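Report on the structure given below.
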Amino acid sequence: MRKMIVAGNWKMNTTLPEGEKLVKELVDLLSDYKGEKGIIIAPPFTHLNAVNNLITNTSIHLAAQNCASEESGAYTGEVSAAMIAATGAKYVILGHSERREYFNESGETLLRKTQLTLQNQLNPIFCIGEQLTQRESEQHEATVKKQLEETVFKLPKSDFEKLILAYEPVWAIGTGKVASPEQAQEMHAFIRQLIVEKYDEKTAENMSILYGGSCKPNNATELFSQQDVDGGLIGGASLKAEDFRAIINS
Ligand code: 13P
């Protein structure tokens, strides 16, 4: 059975002391968590090791927000999948629209990052989603299909099964303009059907597909109650421990 997951993408926010404070608050608030949702937080690279120490023996798991597209060597400023794995992190967010847009990450690059992540026993949280103009011109389904075909649909089933997918419509990210539950459900069902066609029914049924984009305590319950929405990838609201807990408990 597929898992409900709530993952917090902190993006480029918090210094290490601020991040440690936030994690301690979260650990405190979630100390009696008995729910079945998987909980993941993705702080900046500089925090991974310290955060990993703070979440040992808790229900919180650790993700990085990116990784290099090369294994190792002369790539100044990059952080490899092996380095991330050595911090204790278990997940890596890949394909986020901010990385596609501001850092020109192509399908080819993202596939390479996904493969390196998997080779290092890390699970990718792979993001897809259309821009506003693509939705307005009815290209949202075609866009997401292309994003999958260029990247993770090139993986063998045994690798693809290790992914978590996140549908994040770009127009909903950081805008306060959340997708309606119907819009989210429609896209998640569409993505799941693509997985049926590419792999098989069982693979599609077991895949967690998270929704991301202005997901907040006041809209999470309705979004998460949609049949094909298996939790959320949370930006802004993951920076407030109370809000993140409220979303987890949605
Ligand atoms: P917001 O929740 O701030 O809209 O960000 C969503 C997101 O991009 C998560 O990866």
#### Entry: From the options Thr46, Thr14, residue that is surrounded by fewer than 17 Cβ atoms within 10 Å (Cβ to Cβ) and under 17 Å from Ile93 (Cβ atoms)
Thr46
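Is it fair to say Glu105 is part of a helix (DSSP H, G or I) and among the acidic types (Asp, Glu)?
Working: part of a helix (DSSP H, G or I): no; among the acidic types (Asp, Glu): yes.
Considered against the rule, which asks whether it is part of a helix (DSSP H, G or I) and among the acidic types (Asp, Glu), Glu105 comes out as no.
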### Neighbours by Cβ (under 7 Å, 6+ apart or cross-chain): first from segment 1-18, touching a residue at least 40 places away in the same chain (Cβ under 8 Å); second within 11 Å of the ligand (Cβ to nearest atom) and of a type in the set (Ser, Thr, Tyr)
Gly8/Ser238; Asn9/Ser238; Trp10/Ser238
### Message
Take the conditions of a type in the set (Ser, Thr, Tyr), more than 14 Å from the ligand (Cβ to nearest atom) and part of a helix (DSSP H, G or I) and apply them to Thr46. Does it pass?
### Response
yes
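Evaluate segment 159-167: report whether one residue or more is among the β-branched types (Val, Ile, Thr) and away from the ligand (no atom under 16 Å from the Cβ).
Within segment 159-167, the first condition is being among the β-branched types (Val, Ile, Thr), and the residues that meet it are 164.
This time we only want the ones that are away from the ligand (no atom under 16 Å from the Cβ), so: none.
Scanning segment 159-167, I find no residue that is among the β-branched types (Val, Ile, Thr) and away from the ligand (no atom under 16 Å from the Cβ), so the answer is no.
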### Query
Residues in segment 196-250 that are more than 24 Å from Lys162 (Cβ to Cβ), within 11 Å of the ligand (Cβ to nearest atom), touching a residue at least 40 places away in the same chain (Cβ under 8 Å) and not small (Gly, Ala, Ser): how many?
4
### Candidate set: segment 143-158, residues that are crowded, with 21+ Cβ neighbours inside 10 Å and more than 17 Å from Ser208 (Cα to Cα); chosen: the one nearest to the ligand (Cβ to nearest atom)
Gln147
### Matching residues, segment 173-195, being within 16 Å of the ligand (Cβ to nearest atom) and of a type in the set (Val, Ile, Thr)
Ile173, Thr175, Val178
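All of the numbers you see were taken from the coordinates with simple rules; none came from a lab. The structure presented is a predicted model; accordingly, all values stated were derived computationally and were not measured. Here the Cβ is made from the backbone with ideal geometry for all residues, glycine too, and neighbour counts use every protein chain on show.
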